[in-house]
Each structure stands twice: as structure tokens, then as C-alpha cells.
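Worksheet: the structure to be examined is printed underneath.
The values are calculated or read from the model by the stated rules, or taken from the named source; none is laboratory data. Since we're looking at a predicted model, the values are computed, not measured. In this analysis, Cβ positions are derived from the backbone assuming ideal geometry, glycine residues included, and neighbour counts consider all displayed protein chains. These accessible areas exclude ligands, DNA and RNA; they are computed on the full protein's heavy atoms, side chains included. Shrake-Rupley method; radii C 1.70, N 1.55, O 1.52, S 1.80 Å.
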Amino acid sequence: MQSKKLADTAIDIDWQFLDRLVFEPGLVQDPPQLAWSWPLDGPAEDWIGTADMTRLVSPAVREVLDAHLGGADRIQWLDATVQMPDGSALPYFVMHFPDWHDDLYDEASTTWGPGGLPIRWVLSRAKLKDHRVFALPNLSKIVIVSGDVVDALKDAGLTGIAVTPARVA
């Protein structure tokens, strides 16, 4: 899953910190203030894509995802705000995955690059049994969720979500 619209940072945020959120595992200690600006008139979407690839979601998205985590899934939620064009600020969360699961690929079906990274990845159905909401290393904004999580997000009427089926063998 990934968002369709992009928001820019509303304050000066350390770009190296934002890169670590997306490209490094581990719990975040003492995060800086995090804020983005919503670029459009009208309500902000629940799942907002950012120009810096940060996974930015509303409290409603957090509620659905927390209720559907698999036994091997863990999300660290970092407080954030979304600045609206009228000057108001809405509470949002940055979704950070402290645990990387680079062992979920179907080895036979995944195409691997010379550096050992997957070029065309395929997930192993057998390895997904304890996962329902997770991210894979180096896939930036993408969050992988099970079908029942997609249904729960749709049933909640949440906005800004683009769904593309993952390749699973």
C-alpha cells in the first residue's frame, strides 16, 4: 500500500533522520518534532504520502493497523502534525518499522540483483503466517498488509490509500 498525494515538510527536519526512518531498522529514541503541510484545499487524507518517503497516517489508520497486527509485526508510532492551508494543525503519526523482515521472500521466484537485493520480489506465502502489516527493507513508502487489513481500511472509509496486490508464491 502507498499513498497517492505528496506533502512537504512544514518545518526544518533533519533529512538524515527521515532517511533513517525509511531505510534503517531499530527503535527511534528522542525523535525531533515532525510536521508536514497538506498541499490541497479540503480535508487531509488519512494516508499521506510525503516527498521524503515518510509513512504519514491519521489516528484512524493507526487504530485499524494496531487492531490487525500479526504476531511478528511491530510498528513504532511517532507523533507528527499536518499543517493545513488555513493554519490549523492535525495530529498524525509517522509509521516506523523497527524490525526488518528480509527473510520473507520466495527464494525461487524472486529475482536478485548482483548486490544481493531483490529486483523483482515475490513473497513466500508460507513465511507470511505471522505477518499482516509490515515493510520490507529498501522499499521506501510501501507497506504490505494482508487482505483482511485492506478490507478493514476500506470498511473504515479511510482515504489516500492505493492498493496494489503483492506477488506471493
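Look at the dipole of the chain built from charges on Cβ: of W15, V163, F93, the Cα furthest out on the positive end belongs to V163.
Computed from backbone phi with θ = phi - 60° and the Karplus coefficients 6.51, -1.76 and 1.60, the 3J(HN,Hα) list for the range 154-165 is 5, 4, 7, x, 6, 10, x, 9, 10, 10, 10, x Hz; x is used for glycine and proline. In this structure the amide hydrogen of Y92, modeled in the peptide plane, comes within under 5 Å of the amide hydrogens of A80, T81, V82, none closer than 5 places in sequence on its chain. Please state the shape class of the chain: rounded when a/c is under 1.5, otherwise prolate if a/b exceeds b/c and oblate if not, all from the C-alpha gyration tensor. Prolate, because a/c is 1.5 or more and a/b exceeds b/c. In the complete set of protein chains, residue-level accessible area for E24 is approximately 90 Å², probe 1.4 angstrom. Among the protein heavy atoms of the chain, carbon and sulfur supply 50% of the accessible surface, probe 1.4 Å, non-protein parts ignored. With springs only between Cα atoms under 10 Å apart, run a GNM on the chain and tell me which of L56, L40, L153 wobbles the most. Answer for the Gaussian network model of the chain: L40.
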